[in-house]
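Engineer: My structure is below; once you've seen it, I'll send some questions.
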Amino acid sequence: MSDFDGRQLHLTQPFRFGPALAEDANRWLSIVESPLRLQGTRLSTPPSAP
């Protein structure tokens, strides 16, 4: 993939984790001086099993 001529995009709002995890990840991203910041998705509660 490194030889692919295209624009690099970043996934900044994944659906797999919420705001609390994104906040922790952003702390680590700050420590390593990354310009990338994440925004968690508010997760809905799954329906309960019958």
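Engineer: Quick one: Karplus J couplings for segment 10-24, per residue in order, coefficients 6.51, -1.76, 1.60, θ = phi - 60°, nearest Hz, x for Gly and Pro?
Structural biologist: Each residue of segment 10-24 in turn: 10, 7, 10, 9, x, 8, 8, 8, x, x, 5, 5, 4, 4, 4 Hz.
Engineer: Can you give the FRET efficiency to the nearest 0.05 for residue 42 and residue 11, using r as the Cβ-Cβ distance and R₀ = 22 Å? Display every interim value, and only then the final one.
Structural biologist: Values: r = 17 Å, r/R0 = 0.77.
The formula returns an efficiency of 0.85 here.
Engineer: Got a number for the accessible area of residue 24? Probe 1.4 Å, square angstrom, nearest 10.
Structural biologist: Only protein atoms counted, so the area is about 70 Å².
The values are calculated or read from the model by the stated rules, or taken from the named source; none is laboratory data. Quick caveat: nothing in here was measured; it's all calculated off a predicted structure. Every residue, glycine as well, gets a Cβ built from its backbone with ideal geometry; the counts of neighbours run over all protein chains shown. To get the accessible areas, we keep the full protein, side chains included, count just its heavy atoms, and leave off ligands, DNA and RNA. Shrake-Rupley method; radii C 1.70, N 1.55, O 1.52, S 1.80 Å.
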